[in-house]
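Just below is one structure, and these are the notes that go with it.
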Ligand SMILES: [Zn+2]
Ligand SMILES: [Zn+2]
């Protein structure tokens, strides 16, 4: 049996599911998949300005792996821009550290921990809120990671960190 791959950390889901080009018929655009770990590499290094070393540590990958990750992200973004392709953000062997919610009524966006039960918009009180992680296949408790960890904590920390640091 192959060893399970170590999950990469993504701070929180993206604000969008992807991007499409302007000035070309949607039906004519080719689609490029930008994985969530590639998205996170761009966000940390290019957008937030972290060094590659810092960004790699946050995601939980080695320096050479980070370099491959961000090179691949740059190639995809430049291809989308130059060749007019749609970018679809999905996939990657990842877990989210936090959830991002969007209120369907007022547009308010807010981050919450994976454990927290969220049913209402803190800004307008609406119950029409969308957990962006659901779209990326990391819904409630982010694939059960936090539930597993909660159980581990109740058992007295015997398995703390299992599945993330091995
Ligand atoms: Zn709202
Ligand atoms: Zn998950």
ask   = residue 139 fails exactly one of the following numbered conditions: (1) at pLDDT 95 or above; (2) within 14 Å of the chain's Cα centre (by Cα). What is the number of that condition?
value = (1)
ask   = Residue check: is residue 87 modelled with pLDDT of 95 or more, in a helix (DSSP H, G or I) and away from ligand 2 (no atom under 16 Å from the Cβ)?
value = no
ask   = Before we move on, is residue 83 touching a strand residue (DSSP E or B) at 6+ places or on another chain (Cβ under 7 Å) and loosely packed, with under 14 Cβ neighbours inside 10 Å?
value = no
note = Taking segment 1-42 and keeping residues surrounded by 15 or more Cβ atoms within 10 Å (Cβ to Cβ), over 27 Å from residue 141 (Cβ atoms) and in contact with a helix residue (DSSP H, G or I) (Cβ under 8 Å, 6 or more places away or on another chain) leaves 19, 21, 32
query = Does residue 113 satisfy the condition of being loosely packed, with under 12 Cβ neighbours inside 10 Å, more than 12 Å from ligand 2 (Cβ to nearest atom) and outside the structural domain of residue 42 (by TED's automatic domain parsing)?
reply = yes
message = If the requirement is being free of Cβ contacts under 8 Å to residues at least 40 places away in the same chain and near ligand 1 (Cβ under 9 Å from one of its atoms), which of these qualifies: 115, 104?
response = 104
ask   = Out of curiosity, is residue 37 outside any loop (DSSP other than H, G, I, E, B) and closer than 17 Å to residue 134 by Cα?
value = yes
request  = Would you mention how many residues in segment 43-80 are assigned to a loop (DSSP other than H, G, I, E, B) and either touching a strand residue (DSSP E or B) at 6+ places or on another chain (Cβ under 8 Å) or within 15 Å of residue 8 (Cα to Cα) (or both)?
outcome  = 3
Which listed residue is within 30 Å of residue 27 (Cβ to Cβ) and touching a residue at least 24 places away in the same chain (Cβ under 8 Å), from 83, 40 = 83
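The values are calculated or read from the model by the stated rules, or taken from the named source; none is laboratory data. Just so you know, these numbers come straight off a predicted model, no measurement behind them. Glycine also receives a Cβ, built like all others from the backbone with ideal geometry; neighbour counts cover every protein chain displayed.
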